[in-house]
Every structure is written in structure tokens, then in C-alpha cells.
Amino acid sequence: MKKNLLILTCCILLSALGSRATGQESVETQESIEAQLQSLSVEFFSHMASSEYTDASGLFHYPVDYTSEKRSEVIHRVSKLLKIFVDEFGIPSNYKINETPAPYYNVTVCGGDMKYWEQYPSYMQIPLEVVFSRESDGYVIILFSNIHDKWEIRAVAYGLPAQRPGAKERIVEVMTKMLITLQPEEPQKPPSKEKYPIVLASNK
């Protein structure tokens, strides 16, 4: 029931936004873009609410020159970052479009680096005021780009109002966790040949 309500809410909000964002396009083009963005957004929020992070990360655009192995690796990394979004912010609800949101601090996930996206500066943005289940009032900003005649998610940002006490520190904390998650795993070291190997104790 909650999931269906989430999808219905997204459909209503994104339908209204699609008309604003593409006002200069023909009616047919406008409707087509609106439908694509609506479908992508609904699918993204649905996957996130169901902890289907790999499926959610598959909706992002990735550089076309990636090998299948590289693409799979990056999708896996994006899925890990999306999980951090849910772990730290919780599930968003009470969506409300806000074209001019107040200043906020945010963390962002995307499928390509800055150098890549400099080639494709055009994008459409959906700014949503939300209520996070863990962090209360905040923002979700979804960016879309049309690369090679296909609309895909360019980036997703989760943010907290700048006027909220401790917002900057909280975002830095989340960003730090994201950076740690992206660190390559250290290769396993061969077993020690010492007679009495040193063992590190932990309370974890």
C-alpha cells in the first residue's frame, strides 16, 4: 500500500513538472519527455524504497565507451552509494516540487565523472522537497540528460536545509562514508610466516 502511494505521488508531481520543464517543445515531444522522466523517477523511487539498489543504479547513464566489465563495476559502486543514501537519510516521502529551494547542503551520485559530463552540459532538473524517514525535512534533486536520444538519470542528490543546525556537518559525515565506500579493497595478504603472528583485537 505504501509503495503504491509512493508511485502515485511521484506520477502526479512529475506530470506537473514535465509541462513546466519542456514548455517550448511541441505537445507531442513534451508528452514524450514527460512520460520518460515520469517513468524513470517512479522506477527509481520504487527501487530505493524496496532496497533494490542495483536496479536503481541501472537507471543511471554511464559513458558509452565503458567496457561491460567497467560498466558493471561502476554500477556496483553506484548501488553501494545509493544504499548509503537510504541508510543515512531514510526513505523520502511527502514530495513537493520546489523550483527555488532554500540553500541546502547535499551529496550527489552520478554515473560519470565531471570531465565526461562537460561534453553534455544540457540537462533537466526535478527539485523535490521531501521528508526523510531518518533526517526529517530535506531535498531530493534528480537530474536527467538525453544522451544518444535516450533520457536517463544523470545524477541524484540528497540534501538538508542549510539553516538546519548541524546540516553541514551531517552532510560531511555522509560524504565521508561515501568516500570510504569507494576506496578500493586492499588485496589479502599472505598468511604470516611468523611463529607467533600478531592478531589485532576488536570489539566490533
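Just so you know, all these numbers are worked out from the coordinates, no wet-lab data involved. For clarity, every value in this text was computed on a predicted model and none was experimentally measured. Methodologically, a virtual Cβ is constructed for each residue, glycine included, from the backbone with ideal geometry; neighbour enumeration extends over all protein chains shown.
With no solvent and one point per C-alpha, what does the Debye sum give as log10 I(q)/I(0) for the range 2-182 at q = 0.16 Å⁻¹?
-1.02
If Lys and Arg each add +1 and Asp and Glu each add -1, what is the summed charge of the other residues whose beta carbon sits under 15 Å from the beta carbon of A102? Don't skip to the answer; put the middle values down first.
Working: positive: K96, R164, K168; negative: E99, E129, D137.
Charge balance in the 15 Å sphere: 0.
Quote to one decimal, in nm, the extra length available between A162 and E99 on full extension: 0.36 nm per residue of separation minus the C-alpha distance between them.
Numbers: separation 63, 0.36 × 63 = 22.68 nm, distance 1.66 nm.
That works out to 21.0 nm of additional length.
Hey, quick one: spin label on H76, modelled 7 Å out along Cα-Cβ, who in the range 42-62 has an amide N within reach, i.e. under 14 Å?
54
Considering only C-alpha atoms, what is the centroid distance from the range 41-110 to the range 151-168, in Å?
12
Which net charge results for the neighbourhood of L59, defined as the other residues with beta-carbon distances under 9 angstrom from its beta-carbon, given Lys and Arg at +1 and Asp and Glu at -1?
On the way: positive: none; negative: E43, D55, E152.
With Lys, Arg at +1 and Asp, Glu at -1, the net is -3.
Under a Cβ-Cβ cut-off of 12 Å, what is the net charge of the residues other than I141 that fall near it, where Lys and Arg count +1 and Asp and Glu count -1? Write out the running numbers ahead of the final one.
Values: positive: R154; negative: E99, E129.
That works out to -1.
Rounded to the nearest 0.05, what FRET efficiency is calculated for T67 and S136 with R0 set to 41 Å and r the Cβ-Cβ distance?
Details: r = 42 Å, r/R0 = 1.03.
After rounding, the FRET efficiency stands at 0.45.
Among L143, T54, I91, pick out the residue whose Cα is farthest towards the positive end of the charge dipole of the range 2-182, where Lys and Arg carry +1 and Asp and Glu carry -1 on C-beta, about the Cα centre.
I91
Go through 106-118, 63-75 and give me the packing order, highest mean Cβ count within 10 Å leading. Write out the running numbers ahead of the final one.
Details: 106-118: 15.8, 63-75: 12.3.
Packing proxy ranking, top to bottom: 106-118, 63-75.
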